[in-house]
Structure formats: C-alpha cells, structure tokens
Amino acid sequence: MGNKQNTDYSKRDYYRDKRGKKSNATLFEGTVIPGMINCHSHAFQRAFAGFSEHGSNAKDSFWTWRKTMYKFLAQITHNDVKTIAQHLYIEMLKSGYTRVAEFHYLHHDINGKTYPENCTDNTKRNNPEHKLSAMAQAIFDAAKNSGIGLTILPVLYQYAGFGQQTSNDGQKRFINTTAQFNQLVSDCFELTKQYPNTNLGIAPHSLRAVDKESIVEVVHHVRSLDNNAPIHIHIAEQQQEVDDCITHYSKRPVQWLLDNFDLDEHWCLIHATHINAQEQKGIVASNAIAGICPTTEANLGDGIFPTREFLALNGTFAIGSDSHISVNPVEELRWLEYAQRLITQKRVILSSAGIASVGQNLWHKAALGGAQSTNSNTGVISEGKQADLLILDTQQTSLFANNKHLLDSVIFADQKNMIKDVMVNGQWAVQNYTHANEVNSANNFAKLLARLST
Ligand SMILES: [Zn+2]
C-alpha cells in the first residue's frame with residue numbers, strides 16, 4: 001500500500017505493495033478506490049421506500065410523509081428489522097458503501113412496550129423480547145451477516161415537539177428516559193465488543209425531540225465509555241423546524257446548538273439544510289461535520305444544503321442515504337453537484353483548488369468526512385488504515401480510455417454499477433458483483449414486503 005494518502009485515482013494500478021512492486025497478493029484487477037461511508041441510515045425505512053409517492057392534492061410534505069411512515073413502522077417487528085437491515089446492508093456494499101452509521105430510533109415493540117430499565121437477568125438477556133437493546137442487536141446481526149462496518153448510534157427521542165410536547169402514539173416505539181437511554185448505550189457498547197468492525201456513538205434525535213439537559217446527560221455518559229464517540233443530531237431539515245426553534249429558543253437551531261454546546265470534530269449535524277452564513281462559519285470553526293443526504297432531502301422536499309459556500313469555507317461533509325429512497329453513493333454525489341448547478345446555472349461547481357475533478361474531489365472528501373463522522377480508521381487508501389476498498393470494473397464502457405476522468409465517469413456517466421469487488425476490513429464482502437448472502441436476503445425481504453403490502 002502506498003505510504004501517503006493517494007487521491008489520484010487516475011492510475012489504474014497504483015495499488016501496490018509497500019516496496020512498490022506488483023505482487024499477486026496486493027495487486028488487484030481493475031482500479032481501487034476507498035470505500036464510501038454512509039453517515040446516516042434509518043434501516044427500516046428501506047422497506048417503505050417508494051410507498052409514499054402517490055399524489056394527494058399537492059399537499060404532501062415531510063410532515064405528511066412522516067405520518068405515513070409512522071403507520072408503516074407500526075407493523076415492523078424485531079425480526080423484520082433484521083431482515084430489512086441485512087438486505088439493505090448488502091445493497092449498500094454492492095453500491096460502494098463499506099461502513100454505515102445507523103441512526104437507530106426504533107427501540108420498542110409494536111405496542112411501545114418499555115423494556116426493563118435495568119435488564120441484568122441473564123435469562124431475559126437471552127430473550128430478545130426483553131432487552132432494551134433487542135432492536136439494536138438486530139442491527140448488529142444484520143451488519144455481521146452482511147459484512148459491512150457498523151457505527152451504532154442509539155437515538156434519544158423524548159418529545160413530540162419544542163417545549164417538551166407529549167409524544168404521540170406514532171412515536172411510542174422511540175421514547176426512552178435518559179436513564180433507560182444510558183442503559184441502552186452501555187448495552188450497545190458491550191455489543192461492540194462482541195461484533196467485529198463495530199463502534200458506538202449516540203444521536204440525540206433533534207432539538208424538537210430532546211431538551212438541553214438530556215443532551216448534556218447522554219453526552220456525558222457516552223464520553224465516559226468512549227471519549228471519541230460520534231454525536232449525531234438532526235438539526236435543520238425543514239423550514240418549519242427552524243421557525244419553531246426561533247419561537248421556542250429565540251435562535252435558529254444550528255446557532256442555538258453552537259451557543260449551548262462545545263461542538264468539535266466528533267459532532268455530525270445531519271440535514272443542516274437551512275443555515276445562514278454565520279451558522280456555516282460556526283460549523284466550520286467548530287470542526288463539526290455536515291451530514292448531507294441529497295436524494296432523501298430531494299425526495300422529502302427539504303431544501304438544498306449550501307454546499308458551494310460550505311466547501312469554500314473548507315467545511316467537512318459526509319453523505320448518507322437516510323430514508324434509502326436511493327442506496328447508491330454515486331447518486332448522492334451526483335445530486336450534490338447537480339443541485340448546485342441548477343441553483344447557480346453554472347457547471348463544475350464542487351471542484352477545489354487542490355483537486356480539479358469534481359468526481360474525485362467529492363469522493364475523496366465524502367469518504368474522509370464519513371470516516372470522521374463514524375470515528376473509524378478508514379476513508380482513504382493509506383498505510384495503517386483499515387482496508388475498506390472498492391475495485392472498479394475497467395471493462396465497463398464508461399471507463400474505457402478515461403484514466404484522467406475516472407471518478408467523473410463513475411459519478412456522472414455511470415450507466416450501471418461499476419463496482420465489481422468490495423473489501424471491508426481486509427475481507428472480501430462482494431466478489432464479481434456478488435455477495436454470498438444476497439439471494440437469501442432478497443427472498444426474505446420480498447416475503448416481508450408482500451406481508452406489509454397486504
Ligand atoms: Zn434521519
């Protein structure tokens with residue numbers, strides 16, 4: 001492996017051993033690029049993708065979508081979550097994601113039953129129906145069976161809206177007290193020791209669903225387990241959320257967060273969509289990451305993150321597939337650039353002084369930002385880094401004679417998946433476009449969808 005970070009993906013066979021020699025052990029067929037990190041996933045929503053695209057008098061919005069989503073998730077059991085997540089994670093691997101941050105908020109059973117606060121009874125611990133972390137463990141199992149790297153982010157969700165509004169029936173499966181939540185986090189921390197290539201962070205859901213004191217408490221707890229644990233939060237996805245925050249806190253959400261917490265490189269602000277220039281500078285100065293989910297933000301009519309301005313300030317970003325309306329980092333990055341072209345009526349927006357190719361610049365920065373957002377030793381091909389790698393199929397026509405524009409071709413001219421092989425943490429997860437568990441997982445997913453559709 002090269003001694004320094006290699007961002008020049010135009011050399012098709014640069015991936016050589018330390019002595020610079022080609023060797024059968026280390027030289028792959030095709031071109032090698034770093035695996036992408038998916039910074040934001042709600043796995044169960046994959047089974048709902050495409051179910052909410054029927055018209056209703058042009059009054060559909062994020063909020064009506066959310067109502068439909070709540071009805072849908074009322075049918076999902078603990079085993080269903082595992083089925084959906086396993087299928088989804090295999091889809092992610094085949095499209096180029098090698099690690100996922102699971103923003104995990106579906107904690108309780110279908111009746112919203114609160115599991116025992118301190119479940120120390122071993123017989124109960126072996127029964128998934130009686131554990132605070134039963135749903136989280138389904139996610140760990142799915143990650144293990146797929147081979148993807150996992151950063152589990154248990155979500156603290158307490159209220160229906162600003163001002164500690166009482167949660168509604170559709171939210172009963174999400175709610176925990178801070179004491180329960182900290183127990184869940186500790187249980188998940190134990191699970192990270194049992195499952196390979198996993199680690200822990202937390203996610204206070206949003207400023208509308210969690211109050212300041214609770215965030216302080218849960219951050220303190222997770223920091224006692226891992227001082228570098230990532231902290232993710234939904235922050236400014238919808239204009240209404242910003243307006244409600246101003247009404248309640250007299251500040252915009254990102255500004256309030258910056259003023260009340262010492263943000264640092266471990267914080268990831270998901271959907272910082274509606275931010276002004278001062279908030280942009282504040283995020284960059286804090287070293288926090290902007291977690292952008294272009295296809296979901298488009299699908300839900302959220303708005304457009306000011307990527308051009310944010311990158312001009314040297315801000316760090318990561319990408320996520322969020323609702324999984326698309327499971328494809330290529331499409332996320334393509335739309336990141338296209339949204340800016342549509343706004344500015346110009347072309348080639350998200351290149352940089354150091355990297356003139358938009359595709360190369362975006363892939364490189366998103367992978368590094370994703371690694372930071374998951375506190376994982378990956379995101380770049382370099383000595384001492386985890387081997388999370390994608391092998392591009394240079395037999396695909398879009399990559400013929402196109403060395404200089406390789407990642408531009410992948411992102412903007414991709415007619416079909418060009419990722420032939422995928423390695424996660426030194427192990428092959430996908431070979432020759434195939435994952436060993438994909439047929440079983442897809443069959444189980446299809447059966448589940450047939451049940452949920454009736
Ligand atoms: Zn989300």
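The values are calculated or read from the model by the stated rules, or taken from the named source; none is laboratory data. Because the structure is a prediction, the values reported are computed rather than measured. We place every Cβ from the backbone using ideal geometry, glycine too, and count neighbours over all the protein chains shown. All accessible areas refer to the heavy atoms of the entire protein, side chains included, with ligands and DNA or RNA removed. Shrake-Rupley method; radii C 1.70, N 1.55, O 1.52, S 1.80 Å.
Annotations
- Residues (out of contact with any Cys (no Cβ under 6 Å at 6 or more places or on another chain), open to solvent by less than 40 Å² (accessible area, probe 1.4 Å), of a type outside the set (A, V, I, L, M) and within 14 Å of the ligand (Cβ to nearest atom)) located in the range 269-304: His271, Thr273, Cys293, Pro294, Thr295, Thr296, Glu297, Asp302
- Failed criterion for Gly320 (all others in (1) within 16 Å of the ligand (Cβ to nearest atom); (2) open to solvent by less than 10 Å² (accessible area, probe 1.4 Å); (3) out of contact with any His (no Cβ under 7 Å at 6 or more places or on another chain); (4) closer than 19 Å to Ile233 by Cα hold): (3)
- Single residue of the range 59-108 satisfying the filter (over 25 Å from Ile231 (Cα atoms) and outside any helix (DSSP H, G or I)) that is modelled with the highest pLDDT: Ile76
- Residue check: Ala25 meets all listed conditions (1) of a type in the set (A, V, I, L, M, F, W, C); (2) modelled with pLDDT of 80 or more; (3) away from the ligand (no atom under 16 Å from the Cβ) but one, namely (2).
- Selection from the range 190-233 of residues that are among the hydrophobic types (A, V, I, L, M, F, W, C), closer than 20 Å to Glu102 by Cβ and open to solvent by 30 Å² or more (accessible area, probe 1.4 Å): Leu225
- Every pair of residues 6+ apart whose Cβ atoms lie under 7 Å, when the first sits in the range 34-45 and is of a type in the set (Gly, Ala, Ser) and part of a strand (DSSP E or B) while the second is at pLDDT 95 or above and within 11 Å of the ligand (Cβ to nearest atom): Ser41/Ala101; Ser41/Glu102; Ser41/Phe103; Ser41/Gly320; Ser41/Ser321; Ser41/Asp322
- Summed over the range 305-317, the residues that are closer than 27 Å to Glu53 by Cβ and within 16 Å of the ligand (Cβ to nearest atom) give a count of 1.
Here's the yes/no breakdown for (1) modelled with pLDDT of 95 or more; (2) farther than 21 Å from Ala142 by Cα; (3) assigned to a helix (DSSP H, G or I):
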{"position": "Leu342", "(1), (2), (3)": "yes, yes, yes"}
{"position": "Ala356", "(1), (2), (3)": "no, yes, no"}
{"position": "Asn377", "(1), (2), (3)": "yes, yes, no"}
{"position": "Thr394", "(1), (2), (3)": "no, yes, no"}
{"position": "Lys404", "(1), (2), (3)": "no, yes, yes"}
{"position": "Gln415", "(1), (2), (3)": "no, yes, no"}
{"position": "Val422", "(1), (2), (3)": "yes, no, no"}
{"position": "Ala450", "(1), (2), (3)": "no, no, yes"}
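- Looking only at residues in the range 235-251 that are without any contact (Cβ under 8 Å) to a residue 60 or more places away in the chain and open to solvent by less than 60 Å² (accessible area, probe 1.4 Å), the one that is nearest to the ligand (Cβ to nearest atom) is Ile235.
- Count of residues meeting criterion [part of a loop (DSSP other than H, G, I, E, B), closer than 19 Å to Val210 by Cβ and open to solvent by less than 40 Å² (accessible area, probe 1.4 Å)] in the range 128-166: 5
- Only listed residue being at pLDDT below 95, out of contact with any helix residue (DSSP H, G or I) (no Cβ under 8 Å at 6 or more places or on another chain) and open to solvent by less than 20 Å² (accessible area, probe 1.4 Å), chosen from Ser409, Ser373, Ser382: Ser382
- Filter pass, Glu332 being within 16 Å of the ligand (Cβ to nearest atom), in contact (Cβ under 8 Å) with a residue 24 or more places away in the chain and closer than 15 Å to Gln238 by Cα: no
- Of the criteria (1) touching a helix residue (DSSP H, G or I) at 6+ places or on another chain (Cβ under 8 Å); (2) free of Cβ contacts under 8 Å to residues at least 24 places away in the same chain; (3) of a type outside the set (Lys, Arg), which one Gly301 fails: (2)
- Look at (1) more than 16 Å from the ligand (Cβ to nearest atom); (2) within 22 Å of the chain's Cα centre (by Cα); (3) assigned to a loop (DSSP other than H, G, I, E, B) and you find that Arg223 fails only one, number (3).
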